[in-house]
Amino acid sequence: MIPSVNFHLWEPCNMRCKFCFATFQDVKQTILPKGHLPKEQAIEVVLQLAEIGFEKITFAGGEPTLCPWLPELIKIAKDAGFTTMIVTNGSKLTDEFLIANKNYLDWIALSIDSINPETNIEMGRAVTGRTPLTFDYYKMLADKIKNFGYGLKINTVVTSKNFTEDLSSFIKYAQPKRWKIFQVLPIQGQNTGKIDSLIVSPNGFFQFIENHSKLDGITNIIPESNADMKGSYAMVDPAGRFYDNAQGKHNYSRPIIEIGARLALQQVNYDFEKFIERGGVYDWKNRKVFPTKITLSGYVASGKTTVGKLLANKLNYNFISIGDKTRKAAESKGLTIVQYQELCLSDPEIDKHLDNEFSTECNNTDNLIIDYRLGFKFVKNGFHIFLKISDNSATERIKQANRKFESYETASQRNESFKNQFLNAYGVDYTMPKNYDLVIEVEQFKSADEVVEFIIYELNKML
Ligand code: SF4
């Protein structure tokens, strides 16, 4: 499933962009006169989105900073484990907002289409459609966003009015981590009748991209044509319904609050391949502080317990292990660890109880190194590491250590057994690299100490 979702929580906006494809006048006129859900329901939507596995949430609108409870939603999203982002026109981005949200909000995407006030007025990109933001104001915003430690992204919509313009001086100054450039997109029922004079041909759109291609080393340019944009975004409307735009108009699900996020998601059409092709997955965590929880997962005999203990020692963190908990649970039932694992395979509820207890303990404590294959799923805001080892080396290590896995002849059989156990209980494949912040092939290192040094190096590099 697409791992990131845009929640357009707030229909009202103080700008009047003629190309806006998120006007939601249809929603407002039919089921949501205020243009937004009550706060409690918006919170419920966010929690349900986290529950079904979305990893990144972007709060959009309308203009989301007009929503008085946006900071509360951002914090709740962060606590639920999301990478958080807002898309804003910047007009209400006050110092107060930037200070209040800096521990919970990872990214700010500024919508900037032109630095020419006349162009912005022509396109409606102006407060009340009349007062555009100035070049100096945009520069000041970019400075502040970066100085507060937010990841800066710029979104630009290319239209017939700005496709020959040059934004290089601004982009060179702002140096956003990502610059998304969209071809203006007609969406039936959202911008019908207003967008016609702004339509830009594919040639015009690619001319704009070409004219800025020399900035590629300064920022990461992501062009999105009309074809790229359709069907490749997971989106939720102000009424808390998933919607897609695959057919050039909005197709809405039933409300998430009514039927649950999982069922609602099945009522829309998202194209995962297209999402990948348009560069939807990137290193979005934008970490600002050294992680207070580091989880270690990995294959059998990859050394995660040894590495975990050494790492804990180096960082002066505490080491805890699901293995210890599992062993105690097995003992209490008079079973070996393998017998206990087989029991979990036949009755996933036993495992779920243990995972619940262990993850609660992890989430309520800081400064932990956590030996836990499912840490990536259950430990919020952790740094998740996976240790890989070849089957031959692992089997050799097991022999040398005289470890007995009774019914398992090779390490890969045991890895497969863990995989099935977790797929069975939670529908997740713990061996997939996409679940981790760092994947290490331990055979590349001479010792566990070297693996630890490498982890610390990577953590520091990331910051
Ligand atoms: S600022 Fe954004 S939400 Fe508001 S009108 Fe413009 S494009 Fe639409």
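Quick notes on this one:
- Counting beta carbons within 10 Å around each of K377, K102 and listing the fewest first gives the order K102, K377.
- Residue-averaged [θ]222 nm for the chain, counting only DSSP H segments that reach four residues, each worth -39500 (n - 2.57): -11500 deg cm²/dmol
- Of the cross-linked pairs K56/K314; K144/K180; K144/K461, those separated by over 27 Å at the C-alpha level are K56/K314.
- Modelled spin labels at Q175 and K388, positioned 7 Å past Cα toward Cβ, are 3.3 nm from each other.
- With neighbour counts taken as other beta-carbon atoms within 10 Å, the residues R178, R262 rank, fewest first, as R262, R178.
- For the peptides 79-85, 348-354, the ranking by packing is 79-85, 348-354, with the highest mean count of neighbouring Cβ atoms within 10 Å listed first.
- Neighbourhood net charge (9 Å Cβ-Cβ; Lys/Arg +1, Asp/Glu -1) for F422: +1
- Distance in nm between pseudo-label sites at E361 and A401 (7 Å out along the Cβ direction from Cα): 2.0
- As a length-normalised measure over Cα pairs under 8 Å and 6 or more apart, the relative contact order of the chain settles at 14 percent.
- Rounded if a/c under 1.5, otherwise prolate or oblate - the chain, Cα gyration tensor axes: prolate
- Taking Cβ atoms as reference points and 10 Å as the exclusive limit, the residues near K388 contribute a net charge of -2, counting Lys and Arg as +1 and Asp and Glu as -1.
- Stretchable slack from I276 to M140, in nm (0.36 nm times residue separation minus alpha-carbon distance): 45.6 nm
- Rounded to the nearest 10 degrees, the inclination of helix 391-400 to the longest alpha-carbon principal axis of the chain is 30 degrees.
- Rounded FRET efficiency, nearest 0.05, which uses the C-beta distance separating Q339 from F206 and R0 of 45 Å: 0.10
- Rounded if a/c under 1.5, otherwise prolate or oblate - segment 293-462, Cα gyration tensor axes: oblate
- C-alpha long axis of helix 70-79 to longest principal axis of the chain, angle in °: 20
- Cysteines (scope the chain) whose Cβ has no counterpart Cys Cβ under 4.7 Å: C13, C67, C344, C362
- Degrees separating the helix 348-363 axis from the principal Cα axis of the chain, which is the longest one: 70
The numbers here are math on the coordinates, done by the rules we state, and not lab data. Predicted model only: the values in this text are computed from it and were never measured. Ideal geometry is used to build each Cβ from the backbone, glycine not excepted, and the neighbour counts take in all protein chains shown.
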